[in-house]
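Trainee: Would you mind keeping the following structure in view while I ask a few things?
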Amino acid sequence: MAVARHGVAAVLVLAAVAVHGVLCGGSSSSHAHAEFGAGAALGRNAPSWRPRGNGTDTGAAGAPAPAPTSGYVQAGCGCGPTPPAWRFKNGKLAALYPVIQAFKKTITCDPMGVTATWEGTELCDSFFNGTRYLGFYCDYPPYAPADNISYLTVASIDFNGFGLCAPSLAGFVDQFPDLALFHANSNNFSGDVPDLTHLPYFYELDLSNNNFSGSFPETVVPLGNLTFLDLRFNRYAGTVPPPVFALTAEALFLNNNGFSGRIPDTFGSTGAQYLVVANNEFTGPIPRSIYNTSATLSEVLFLNNRLSGCLPYEVGLVEGLAVFDAGGNEIAGPIPLSFGCLRDVEELNLAGNQLYGQVPDVVCLLARTGKLANLSLSDNFFHSVGHHCMELVRSRVLDVRRNCILGFPDQRPPIECAAFYADPTKHCPFIPHIPCDLPGGHGHGGYIKPHDAAAAAAAVTGHQARHQGGGRD
């Protein structure tokens, strides 16, 4: 039986993370607790479980769990006396005790004194509102119908903000057979990411703000059931394997590392709602396959890389996009008219690039007909704005400082603008099509019907092939 996915509450939590906290080094959640079955829909920030009966471990049917027998064998960890098996609530917990104690021996710093609570046999103390074994949370995993019983066990580990130091997580996280999530934001962990593919319920991994380094952890790539992957604020480097963008994760945070190379075209295969690759060293263009994410993608952040090439027309085909941030790159060309179809976009940041031409009025019109609240186009080379854009400049929704707009304050020196427009080495084709019906029913050069994103992308490809020599508008 698979672990239940997050419901609406979890999506709202992820949205808050993506908009307000994904580029910060702090914890992305307070206390994340895994829950098996329908209770998981309540989200991972507030546990739904409560003490059951008199606090004794009971099976799923409500009957008292069988007393532990001598068959419960505990592996010694060489770290002191091991409590007798009968003192644990069940054999699952007896087997986990030496795993925790062995990991405790490897911890070299513990500023909050968390590990002092990892004593005794009450590994599931938090389940009964206790204070032993901080960071460990228990629940009843799914059970085989023939057994008609499920034993209380560690379902999630949340070390967010503990500041623990340890050279490796191998031999620890991978030894919890019923683990559903591991959160370790803001610690000092390093080493290799352990292989977790044998954990049938595992669906969330947060290793953000630690000291992991080297290439992208290859053990993460096969985790096909992930719904949440957060590797931000580490020291990973090199390319990102194409299969990473084919994971089922609803949230994928890779920002603030040293990832480089081109973003693979499998980017369009992502099912993520929130995808952040900001503050890395990615080069090349934004993949045109982004149009394939139309059914899912809500927020995407490319800012502060070294991306180049033309601003893809296909971005305008991503229905439901709420945040698009590609600031601080080397992207060139005009803003495609297709961006005027982003009716749900609230934040659009293209500042700090090499964009030019006129700011399309169809984009500025989104502040009136859509949800646009923030449009940043500063530090580019735009030469003019239309009527609706002028209104946004006056209301400070649109930032066009350091461009080439005559008569506007805080613009680039005229000689810098003249040199840019005289350089023919950078050019992008202008696509005179709007792939949606705009309010008022008028467009620029005809419509591409919006209902088939693939057909629209193919039409654009054909137009670009016919205009390879096109220059700046």
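The values are calculated or read from the model by the stated rules, or taken from the named source; none is laboratory data. It should be emphasised that the depicted structure is a prediction, and the values quoted were computed from it without experimental measurement. Here the Cβ is made from the backbone with ideal geometry for all residues, glycine too, and neighbour counts use every protein chain on show.
Trainee: Hey, does the stretch 245-260 have a residue that's modelled with pLDDT of 95 or more, touching a Pro at 6+ places or on another chain (Cβ under 8 Å) and in a loop (DSSP other than H, G, I, E, B)?
Mentor: no
Trainee: Inside the stretch 343-354, can you point out the residues that are surrounded by fewer than 23 Cβ atoms within 10 Å (Cβ to Cβ) and over 23 Å from residue 417 (Cα atoms)?
Mentor: Correct list: 343, 344, 346, 347.
Trainee: Which residues, counting only those in the stretch 89-106, are out of contact with any helix residue (DSSP H, G or I) (no Cβ under 6 Å at 6 or more places or on another chain), surrounded by 17 or more Cβ atoms within 10 Å (Cβ to Cβ) and not basic (Lys, Arg)?
Mentor: Pass one, the stretch 89-106, residues out of contact with any helix residue (DSSP H, G or I) (no Cβ under 6 Å at 6 or more places or on another chain): 89-93, 95-98, 100-103, 105-106.
If we keep only those that are surrounded by 17 or more Cβ atoms within 10 Å (Cβ to Cβ) too, we end up with 89-93, 95-98, 100-103.
Within the stretch 89-106, 90, 91, 93, 95, 96, 97, 98, 100, 101, 102, 103 qualify.
Trainee: Follow-up question, since we're still on this one. Got at least one residue in the stretch 68-85 being modelled with pLDDT under 95 and in a helix (DSSP H, G or I)?
Mentor: Applying the first criterion (modelled with pLDDT under 95) to the stretch 68-85 yields 68-85.
Filter once more, so that each one left must be in a helix (DSSP H, G or I): 85.
Checking the stretch 68-85: at least one residue is modelled with pLDDT under 95 and in a helix (DSSP H, G or I).
Trainee: Further question on the same structure: From the residues in the stretch 378-408 that are under 34 Å from the mean Cα position of the chain (by Cα) and among the acidic types (Asp, Glu), which one is farthest from residue 365 (Cα to Cα)?
Mentor: 379
Residue by residue, here is whether (1) within 25 Å of residue 380 (Cα to Cα); (2) buried (at least 19 other Cβ atoms within 10 Å of the Cβ); (3) acidic (Asp, Glu) holds:
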position: 259; (1), (2), (3): no, yes, no
position: 272; (1), (2), (3): no, yes, no
position: 278; (1), (2), (3): yes, yes, no
position: 283; (1), (2), (3): yes, no, no
position: 288; (1), (2), (3): yes, yes, no
position: 294; (1), (2), (3): no, no, no
position: 321; (1), (2), (3): yes, yes, no
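Trainee: Consider the stretch 266-309. How many of its residues are of a type outside the set (Val, Ile, Thr), closer than 18 Å to residue 348 by Cβ and in a helix (DSSP H, G or I)?
Mentor: So the count comes out to 1.
Trainee: Here's a check for you: in the stretch 150-165, which residue that is assigned to a strand (DSSP E or B) and polar (S, T, N, Q) is nearest to residue 139 (Cα to Cα)?
Mentor: 153
Trainee: Step by step: first the residues of the stretch 110-158, then only those that are at pLDDT 95 or above and of a type in the set (A, V, I, L, M), then the one that is nearest to the chain's Cα centre (by Cα). Which residue is that?
Mentor: Here the residue is 157.
Trainee: Picking from 340, 357, 316, 328, which residue would you name as being surrounded by fewer than 24 Cβ atoms within 10 Å (Cβ to Cβ), of a type in the set (Gly, Ala, Ser) and not in a loop (DSSP other than H, G, I, E, B)?
Mentor: 357
Trainee: Among the residues that make up the stretch 216-224, is at least one of them of a type in the set (A, V, I, L, M) and in contact (Cβ under 8 Å) with a residue 40 or more places away in the chain?
Mentor: No, the stretch 216-224 has no match at all.
Trainee: Applying the selection to the stretch 170-199, what residues are over 16 Å from residue 138 (Cβ atoms), free of Cβ contacts under 8 Å to residues at least 40 places away in the same chain and of a type outside the set (Val, Ile, Thr)?
Mentor: Selection gives 170, 174, 184, 187, 189, 190, 191, 192, 194, 195, 196, 198.
Trainee: Do we have residue 433 as modelled with pLDDT of 70 or more and either out of contact with any Ser or Thr (no Cβ under 9 Å at 6 or more places or on another chain) or closer than 21 Å to residue 294 by Cα (or both) here? Even if it seems obvious, please write down each step before you answer.
Mentor: Values: modelled with pLDDT of 70 or more: yes; either out of contact with any Ser or Thr (no Cβ under 9 Å at 6 or more places or on another chain) or closer than 21 Å to residue 294 by Cα (or both): yes.
In short, yes.
Trainee: Can you confirm whether the stretch 203-211 contains a residue that is free of Cβ contacts under 8 Å to residues at least 24 places away in the same chain, within 23 Å of residue 295 (Cβ to Cβ) and under 18 Å from the mean Cα position of the chain (by Cα)?
Mentor: The answer is no, given that none of the residues of the stretch 203-211 is free of Cβ contacts under 8 Å to residues at least 24 places away in the same chain, within 23 Å of residue 295 (Cβ to Cβ) and under 18 Å from the mean Cα position of the chain (by Cα).
Trainee: Given the condition touching a residue at least 60 places away in the same chain (Cβ under 8 Å) and among the aliphatic types (A, V, I, L, M), answer yes or no: does some residue in the stretch 341-350 qualify?
Mentor: Within the stretch 341-350, not a single residue is touching a residue at least 60 places away in the same chain (Cβ under 8 Å) and among the aliphatic types (A, V, I, L, M).
Trainee: Taking the stated definitions as given, is residue 212 in contact with a strand residue (DSSP E or B) (Cβ under 7 Å, 6 or more places away or on another chain), more than 15 Å from residue 194 (Cβ to Cβ) and not hydroxyl-bearing (Ser, Thr, Tyr)?
Mentor: Spelling it out, it is not the case that residue 212 is in contact with a strand residue (DSSP E or B) (Cβ under 7 Å, 6 or more places away or on another chain), more than 15 Å from residue 194 (Cβ to Cβ) and not hydroxyl-bearing (Ser, Thr, Tyr).
Trainee: Taking into account only those residues within the stretch 184-221 that are under 13 Å from residue 174 (Cβ atoms) and touching a Ser or Thr at 6+ places or on another chain (Cβ under 8 Å), which is surrounded by the most Cβ atoms within 10 Å (Cβ to Cβ)?
Mentor: Top of the filtered list is 193.
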